[in-house]
Amino acid sequence: MNDYSYDNQTVKGFILSSLFWGVVGILIGIWISIQMWNPSWNIPPYFTFGRLRVVHTNGLAFGLGLGAIFGIFYYITMRLTKRPLLFPRLARFHLYLFNVAIALAALSLLAGMNQSLEYAELEWPLDIGVVILWVIFAINILGTIIKRREEQMYISLWFIIASVVAVAVLYIVNNLSVPAGLFKSYSIYAGINSANVQWWYGHNAVGFVFTTPILAMFYYFLPKSTGLPLYSHRLSIIAFWSLVFAYLWTGAHHLVYTPLPDWIQTLAIVFSMFLIAPSWGSVVNGYYTVAADWSKMRTNYLTKFFIFGITFYGLQTVQGPTQALRVVSQLIHYTDWVPGHVHMGTMGWVTMIVAASMYYIIPKIYNTEIYSVRVANTHFYLVLIGQLIYSVTMWITGIQQGALWKAVNPDGTLKYTFVETLVRNYPFWKLRTIGGIIFAIGMVFFIYNILMTIRKGKSLSASVA
Amino acid sequence: MAGNIYSKPVLFTIVSAIVILIGTAVTMFIPMLTPQMHPRLENLKPFTPLQLAGRDIYQREGCNNCHTQTVRPLKTEVMRYGEYSKAGEFYYDRPFLWGSKRTGPDLARIGGKYPDAWHYRHFEDPRSLFPQSNMPSYGWLKERLIDPEEVRRHMDVLNLPYTEEEIENLRGKTEMDALIAYIQSIGTAVKRRPVVKKAVVREVELKNPLAGDPRAIARGRDIFMEHCAMCHGDDAKGDIGPSLVDDVFFYVEGDLPDDDYFEVINNGTFEGMVEEGRTAKGGMPPFGEELGKDEIWSVISYIRSLKEEGR
């Protein structure tokens, strides 16, 4: 029992760290959203849009995302293997190293050390740090699974194993570079080949950081928190294998109409369409699980997080493949439609499920109940509204932008100069900032609720002792 | 049998790794080994030390967060930016800098489009040229010097050719100088194509049909203020670009005939371009895709009317 409580403290450490980096990342997100319509918010050299945007994306993908994944995966793995972690002290070291690495990552990006590869901006010394972090994690997770005390591995463990393997391959291959000093390196890949490697990475980083780990949480915490058994085990088997197989073919849909060989683009588009099926396999499984008793939406405050989260995942996985089609890509690619798409996934799907998982874990660790269901409900509606404002405004302005770029006069000349197409984004960009602020307020309610639950739990265990 | 794998974690890990690597091999690893992924245009030049230093700054400042560097083969895109991007243009780009978002315009054909002076002013204060621009100001790059030895190290790592003189010449160069040298090199391996106006080609007028027309002059003034004043000054007496109200064109005394005037506005200028026996230094962007035939003639009417006033 003592082992568990030590490991639980590590889990809690990761959850609190990820929330801290989440706050930093969201605040920077609001900041750069203001820079989009008011350039006086740029403070050179460290706080211009070009440097802050990568702190925003890395801070949230690696700080909030990976932090949550590490903590929640340790928790899930312990439960599903019916044993404490194989290397508890290594996990604690992992927690410290993680926070040091994220802090250094943020500082290095502000200093302009940037490989210019999206979601792989960190320079080579930090890349090595990230790989070490990942290896530590993999040893502990896989070791604990191998030494498990439960014969069968539940679906969540499949997704965890696949994520561990895929991210390792993706990150190492895409970051291969020749150092040119401590803070600068040049990729070993050049030209169209470097584009192909980068988007193989870039798309699958989304796949194996923002999709499969979150599905692992979904498959574990939905049945746990509702008390309803998973609808179909067979469906989850099909969904799992077809998802991890198809994902890796699709990176080049980010490069439609670029000089990359056409056949790679076309193959990526085809597999993107195919991906709708396994994605919706999980969506359907989620819906039918709760369909056994829809009243859970009312009676169990966590159910709506999972159902709305999986709904946004379902919308995301239809919208994404649609964007891959040439006829759609040529209109919306390079416009604000794309950030609208991404943020439905991150704000609507990832943080919904991550937050619900944390709501489940923290009271369990302290053997208590959540501090306030009402605060949790307020959090839910604020992040939902904030995200919808964000995504919908960006879709509208993205389509508008794409259409204005294409508009021609009767005599065949372009109808709008670039600046004319730019200024029409400003009203929408302002609305987006409001959406972001509403979302951030929702997250404040969430963090308050988590902290108060911990406080309640601590005083409880103190009184027991 | 099929169920066994879910109780054998090592086997499961190996199988899932293989499943993941199939698509990776077909779309990424195998193409990488073929020459189709490493094309090079014949007249593509490697980066000079100054250009590479500028490219490093482009990366450091995250310019690719707002600017793409690839023109898609779509009609209006080629009109707006120029010839669509070719696979062989990026041989020396490690890594590629195509970007994924156009908060600002694409830069794949920016090299040579504007004169250096335009870029200095624009980086210093983008809103002095485009009052509604949201681009950050980069005037502070003028106060920072390039470290020649660092650039040499970078050239060595990339195995790019350079001379001692080129490294020596970096001394005293600012980061702004380097960035602009890089910007001016982008996309120059592909020749700029003249703007072909169907309406123009079919019925090319040798003389301005709107010459002296007061309505055309008024309209021409508006167009001038929007598109031309930025470089030639509000009074057309010259600024970044030359004066349009003196009688010197391309550094030679004497008027430019209407049809040549039209062509310069329509197609812009590039270094070495010869017009009426006069050689241009380049730096004027083409306006033919934005301004219709009548609009160009109106601008010419307006400029000529200013000249009349001056007499």
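Please report the carbon-and-sulfur percent of the accessible area for the protein assembly as shown; probe 1.4 Å, protein heavy atoms only, DNA, RNA and ligands left out. Provide the component values of the computation, followed by the final result.
Working: 19540 of 30690 Å².
The computed percentage sits at 64.
Measuring with a 1.4 Å probe in the full set of protein chains, what accessible area per residue, in whole Å², belongs to chain B?
Working: 14490 Å² over 311 residues.
Counting only protein heavy atoms, the per-residue value for chain B is 47 Å².
What does the helix-only formula give at 222 nm for chain B: each DSSP H stretch with n ≥ 4 adding -39500 (n - 2.57), the total divided by the residues, and the result rounded to the nearest 500 deg cm²/dmol?
Values: 13 runs with 122 residues, N = 311.
About -11500 deg cm²/dmol.
Expressed as a whole number of Å, what is the distance separating the alpha-carbon centroids of region B:107-147 and region A:404-425?
Here the two parts' Cα centres lie 23 Å apart.
Pop a pseudo-label 7 angstrom from the Cα along the beta-carbon direction at both A:Leu451 and A:Phe274 and give the gap in nm to one decimal.
Output for this residue pair reads 4.8 nm.
For chain B, just say rounded, prolate or oblate: build the C-alpha gyration tensor, square-root its eigenvalues into a ≥ b ≥ c, call rounded for a/c under 1.5, and beyond that prolate if a/b exceeds b/c, oblate if not. Let's see the in-between values first.
Values: a/c = 2.51, a/b = 1.85, b/c = 1.36.
Because a/c hits 1.5 or more and a/b exceeds b/c, chain B counts as prolate.
How much accessible area does A:Arg432 have with a 1.4 Å probe, in Å² rounded to the nearest 10?
20
In percent, how large is the relative contact order of chain B, given Cα pairs closer than 8 Å and 6 or more residues apart? Walk me through the numbers before you get to the answer.
Numbers: 416 pairs, mean separation 55.5, N = 311.
Reported relative contact order: 18 percent.
Shielding of A:172-182 by partners, i.e. mean partner chain Cβ atoms within 10 Å per residue?
If you average over the peptide's residues, the count of other-chain Cβ atoms is 2.
Pull out a ≥ b ≥ c, the square roots of the eigenvalues of the alpha-carbon gyration tensor of region A:220-465, then state rounded if a/c is under 1.5, prolate if not and a/b is larger than b/c, and oblate in the remaining case.
Note, shape of region A:220-465 comes out oblate.
Given the C-alpha atoms of region A:186-311, compute the convex hull and give its volume per residue in Å³. The partial results should precede the final answer.
Details: hull volume 13.8 nm³, N = 126.
Convex hull volume per residue, Cα atoms: 110 Å³.
Largest first and in whole Å, what are the equivalent-ellipsoid semi-axes of chain A based on the Cα gyration tensor, each being the root of 5 times an eigenvalue? Working shown, then result.
Numbers: eigenvalues 251, 125, 114 Å².
Taking √(5λ) for each Cα gyration eigenvalue gives 35, 25, 24 Å.
According to the square roots a ≥ b ≥ c of the eigenvalues of the Cα gyration tensor, what is the shape class of region B:193-311, taking rounded for a/c under 1.5, prolate for a/b larger than b/c otherwise, and oblate for the remainder?
On the way: a/c = 1.34, a/b = 1.02, b/c = 1.32.
Verdict is rounded for region B:193-311.
What is the interface area between chains A and B, defined as buried accessible area summed over both chains with a 1.4 Å probe, reported in Å² to the nearest 100?
On the way: alone 19910 and 18370 Å², together 30690 Å².
Answer for the A-B pair: about 7600 Å² buried.
So which GluC sites (Glu not before Pro) in region B:229-271 end up in coil per DSSP with only 14 or fewer other C-beta atoms within 10 Å? All intermediate terms of the calculation are to be shown ahead of the outcome.
Numbers: sites: B:Glu253, B:Glu263, B:Glu271; in loops: B:Glu271.
Passing both the DSSP loop test and the Cβ count: B:Glu271.
Grab region A:220-465 and count how many Lys pairs have their alpha-carbon atoms under 13 Å apart, sequence gap of 8 or more, or different chains. Before the final figure, lay out each step's value.
Values: A:Lys224/A:Lys296; A:Lys224/A:Lys364; A:Lys296/A:Lys304; A:Lys364/A:Lys456; A:Lys364/A:Lys458; A:Lys406/A:Lys415.
Step by step, the pairs that qualify in region A:220-465 add up to 6.
Relative to the Cα centre, what is the charge dipole magnitude of chain A, using +1 at the beta carbon of each Lys and Arg, -1 at the beta carbon of each Asp and Glu, and rounding to the nearest 20 debye?
On the way: 28 positive and 14 negative charges, 240 e Å.
About 1160 debye.
Which positions within region A:25-52 get 20 Å² or more of their accessible surface covered by the other protein chains, compared to the chain by itself, with a 1.4 angstrom probe?
A:Met36, A:Pro39, A:Asn42, A:Pro44, A:Pro45, A:Thr48, A:Phe49, A:Gly50, A:Arg51
Are there chymotrypsin sites (Phe, Trp or Tyr not before Pro) in region A:408-451 that DSSP marks as loop and that have at most 13 other Cβ atoms within 10 Å, and which are they?
none
Straight-line reach from B:Lys113: which lysines have a Cα under 16 Å away, not including same-chain ones fewer than 8 places off?
Reachable lysines: B:Lys191, B:Lys281.
Between A:Val419 and A:Arg326, how high is the FRET efficiency from 1/(1 + (r/R0)^6) when r is the Cβ-Cβ distance and R₀ = 25 Å? Nearest 0.05. Present the calculation step by step, with values, prior to reporting the outcome.
Values: r = 28 Å, r/R0 = 1.12.
Result of the calculation: an efficiency of 0.35.
Need the per-residue list for region A:378-420: every residue with at least 50 Å² less accessible surface in the complex of protein chains than in the chain by itself, probe 1.4 Å, sorted by number.
For region A:378-420, once contacts with the other chains are taken into account, A:Trp405, A:Thr413, A:Leu414, A:Thr417, A:Phe418, A:Val419 lose 50 Å² or more.
Return the inverse of the average 1/r over all pairs of distinct C-alpha atoms in the protein assembly as shown, which is the Kirkwood hydrodynamic radius, in Å to one decimal.
Values: mean 1/r = 0.0354 Å⁻¹.
Result for the protein assembly as shown stands at 28.3 Å.
At 1.4 Å probe size, with every protein chain present, just tell me what the per residue accessible area of region A:1-188 comes to in Å².
The answer is 35 Å² per residue.
Over region A:1-188, what is the relative contact order in whole percent, taking alpha-carbon pairs under 8 Å and six or more residues apart? Can you show the working numbers first?
On the way: 215 pairs, mean separation 45.6, N = 188.
Worked out over region A:1-188, it gives 24 percent.
Size of region B:75-189 along its principal axes in angstrom, Cα-based, largest extent first?
Cα extents, longest axis first: 43, 35, 23 Å.
Stretched out fully, how many nm does the piece from A:Val444 to A:Ile396 gain, at 0.36 nm a residue minus the Cα gap?
Values: separation 48, 0.36 × 48 = 17.28 nm, distance 2.81 nm.
Gain on extension, A:Val444 to A:Ile396, equals 14.5 nm.
Run the helix sum for chain A: -39,500 (n - 2.57) per DSSP H stretch of 4+ residues, divided by residue count, reported at 222 nm to the nearest 500 deg cm²/dmol.
-24500 deg cm²/dmol
Only protein chains counted, 1.4 angstrom probe. Which residues of region B:86-101 are at least 50 Å² less accessible in the assembly than when their chain is isolated?
B:Arg94, B:Pro95, B:Phe96, B:Trp98, B:Ser100, B:Lys101
Quick one: if the Förster radius is 51 Å, what FRET efficiency do A:Val131 and A:Tyr426 give, using the C-beta to C-beta distance and rounding to 0.05? Intermediate values should be presented prior to the final figure.
Values: r = 42 Å, r/R0 = 0.82.
Rounded to the nearest 0.05, the efficiency is 0.75.
Just the Cα atoms of region B:256-311: what Rg and Dmax do they give in Å?
Both quantities, over Cα of region B:256-311: 11.9, 33 Å.
So if we plug the beta-carbon distance of B:Leu160 and B:Ala218 into 1/(1 + (r/R0)^6) with R0 = 60 Å, what FRET efficiency do we get, rounded to 0.05? Please report the intermediate quantities before stating the final value.
Values: r = 54 Å, r/R0 = 0.89.
That pair, B:Leu160 with B:Ala218, gives E of 0.65.
Using a basic spin-label model with each label point 7 Å from the Cα along Cα→Cβ, how many nm lie between B:Glu205 and B:Glu253?
For the pair B:Glu205/B:Glu253, the computed spacing is 3.1 nm.
Under unit Cβ charges (Lys, Arg +1; Asp, Glu -1), what dipole magnitude, rounded to 20 debye, does chain B have relative to its Cα centre? Mind dumping the intermediate values first?
Values: 39 positive and 47 negative charges, 319 e Å.
My answer is approximately 1540 debye.
Enter the mean projected area of the convex hull around the alpha-carbon atoms of region B:1-137, in nm², rounded to one decimal.
Details: hull surface 55.1 nm².
Spelled out: convex hull of the Cα atoms, projected over all directions, averaged, 13.8 nm².
Translational diffusion coefficient, Stokes-Einstein: compute it for region A:1-188 using the Kirkwood radius over C-alpha pairs as Rh, at 4 °C and 1.567 mPa s, and state it as an integer in µm² s⁻¹.
Numbers: Rh = 17.6 Å.
This corresponds to a translational diffusion coefficient of 74 µm²/s.
Rounded to the nearest whole Å³, what is the per residue volume of the convex hull around the Cα atoms of region A:1-87? Intermediate values should be presented prior to the final figure.
Working: hull volume 7.5 nm³, N = 87.
Taking the convex hull of the Cα positions in region A:1-87, it is 87 Å³ per residue.
Run the dipole for region A:220-465 about the Cα centre, Lys and Arg Cβ at +1, Asp and Glu Cβ at -1, nothing else charged, and hand back the magnitude in debye, nearest 20. Before the final figure, lay out each step's value.
Values: 16 positive and 6 negative charges, 155 e Å.
That gives region A:220-465 a dipole magnitude of about 740 debye.
The values are calculated or read from the model by the stated rules, or taken from the named source; none is laboratory data. Please read these numbers as outputs of a predicted model, since none were measured by experiment. Note that each Cβ is placed from the backbone with ideal geometry, even for glycine, and that neighbours are counted across all protein chains shown. Areas reflect the complete protein model, heavy atoms only, side chains present, ligands, DNA and RNA absent. Shrake-Rupley method; radii C 1.70, N 1.55, O 1.52, S 1.80 Å.
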